[in-house]
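Asker: Let me give you the structure first, and then I'll get to my questions.
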Amino acid sequence: MKDSKCFLYQIEDLVFSYSLGSQQVEALRGVDVMIPASTLVTISGPSGSGKSTLLNILGLIEPVQEGRVLFRGEDMKWMGERRKNLIRKFQIGFIFQQFHLIPVLSTEENVRYFLTRQGLLKEEVKERVESSLQAVGLWEHRVKKPSELSGGQKQRVAIARAIAKQPCVIIGDEPTASLDQKTGYEIMELLTRLVEKQKTSIILTTHDPMVQSFSKQNIHIQDGRLCG
Ligand code: ADP
């Protein structure tokens, strides 16, 4: 295996199946791929091809059943629950198609909410909330609730919430799918700037060629296998 420090994830012969009653549904059938750090990577493929399953394994939401996945050189199979929780809490930021904001909280409070559970000093929390909202261009809208924001602005809040953690990777399941093309394009420009300026790695699943056009590496999956 190549020098693990160059890669965020090293994936070898990854196999994953779901149990559905007495049936086994094979979602991944032997995926081998290396994902470099500080890069925007997309995972594309038809519906049901295994994109979300792969993303969930990378986000430590699903376990490694067979094969090997190294996260920053560390074998995920041998991580205990405590270690996985720490990585999810501090090193991975998540963004979702439906934003997953807390409706009763303002923009600023949505970003602050998860940070306050990270054991940071008050001043540090304040500084991170402001700088992440500045980075996504929403500092002026900090008192607004999600219902007062457009779809694109909501996704920006979700991105601010993810980057405020200062994670090494942001993982997103179709984060532009519920936005119109122009807003989706603007979100992709913003994510690209994050990679360039903050060296954050970003991994997104997508159906959309526009989103793929922003990626340095596209992982195309069909029927649980890599193609192309
Ligand atoms: P994609 O994200 O490309 O649409 P998924 O990773 O969601 O694909 O699904 C891959 C395969 O696994 C599909 O056949 C899907 O039906 C199946 N699958 C996904 N989640 C579950 C689940 N929780 N239980 C059973 N089968 C599942």
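Rule-based calculations on the coordinates, nothing more; no lab input. Since the structure is predicted, the reported quantities are computational estimates derived from the model, not experimental observations. Positions of Cβ are backbone-derived with ideal geometry, glycine not excepted, and every protein chain shown enters the neighbour counts.
Asker: How large is the dipole of the chain about the Cα centre if only Lys and Arg carry +1 and Asp and Glu carry -1, each at its Cβ, rounded to the nearest 20 debye?
Answerer: Details: 30 positive and 26 negative charges, 132 e Å.
Computed about the Cα centre, the dipole is about 640 debye.
Asker: Which semi-axis lengths, in whole Å and largest first, follow from the square roots of five times the eigenvalues of the Cα gyration tensor of the chain? Present the calculation step by step, with values, prior to reporting the outcome.
Answerer: Values: eigenvalues 175, 79, 56 Å².
Rounded to whole Å, the semi-axes are 30, 20, 17.
Asker: With a Förster radius of 45 Å, plug the Cβ-Cβ distance of GLU12 and VAL125 into 1/(1 + (r/R0)^6) and report the FRET value to the nearest 0.05.
Answerer: Working: r = 39 Å, r/R0 = 0.86.
Calculated transfer efficiency: 0.70.
Asker: In whole angstrom, and with the biggest value first, how far do the Cα coordinates of the stretch 1-76 range along each principal axis?
Answerer: On the principal axes, the stretch 1-76 reaches 41, 24, 19 Å in Cα extent.
Asker: Another question, then. For the stretch 50-64, just list the computed ³J(HN,Hα) in residue order, Karplus coefficients 6.51, -1.76 and 1.60, θ = phi - 60°, integers in Hz, with x standing in for Gly and Pro.
Answerer: With coefficients 6.51, -1.76 and 1.60, one gets x, 4, 5, 4, 4, 4, 5, 5, 5, x, 6, 8, 10, x, 7 Hz.
Asker: On to the next question. What's the angle, to the nearest 10 degrees (0 to 90), between helix 151-164's Cα axis and the longest principal axis of the chain?
Answerer: Once rounded, one gets 80 degrees.
Asker: If the viscosity is 0.890 mPa s and the temperature 25 °C, what Stokes-Einstein diffusion coefficient in µm²/s follows for the stretch 160-228 when Rh is the Kirkwood radius over Cα pairs? List each step's numbers first, then the result.
Answerer: Details: Rh = 12.9 Å.
Estimated diffusion coefficient is 190 µm²/s.
Asker: Could you derive backbone 3J(HN,Hα) for the stretch 213-219 from the dihedral phi with the Karplus parameters 6.51, -1.76 and 1.60 (θ = phi - 60°), listing whole Hz in sequence and x where the residue is Gly or Pro?
Answerer: The phi angles translate into 5, 8, 8, 7, 9, 10, 9 Hz.
Asker: Of all beta bridges DSSP finds with both residues in the chain, what is the antiparallel percent, to the nearest 5?
Answerer: Antiparallel bridges: around 50 percent, rounded to the nearest 5.
Asker: Per DSSP helix of 4 or more residues, -39500 (n - 2.57); summed, then divided by the residues of the chain. What does that give at 222 nm, rounded to the nearest 500? Present the calculation step by step, with values, prior to reporting the outcome.
Answerer: On the way: 7 runs with 77 residues, N = 228.
That comes out to -10000 deg cm²/dmol.
Asker: Restricting things to Cα coordinates, could you compute the convex hull volume per residue of the stretch 51-118 in Å³? Present the calculation step by step, with values, prior to reporting the outcome.
Answerer: On the way: hull volume 7.2 nm³, N = 68.
Output value, Cα hull per residue: 106 Å³.
Asker: Quick one: plug the Kirkwood hydrodynamic radius of the stretch 122-189 (C-alpha pairs) into Stokes-Einstein at 25 °C, 0.890 mPa s, and report D in µm²/s.
Answerer: On the way: Rh = 12.6 Å.
Using the Kirkwood radius from Cα pairs, D works out to 194 µm²/s.
Asker: Considering only LEU70, SER52, ILE219, whose Cα is most displaced toward the positive end of the charge dipole of the chain, charges sitting on Cβ of Lys, Arg (+1) and Asp, Glu (-1)?
Answerer: So the residue furthest toward the plus end is LEU70.
Asker: Then there is this: How far is helix 122-135 tilted, in degrees, relative to the longest principal axis of the Cα atoms in the chain, given as a value from 0 to 90 rounded to the nearest 10?
Answerer: Taking the Cα atoms of the chain, the angle to 122-135 is about 80 degrees.
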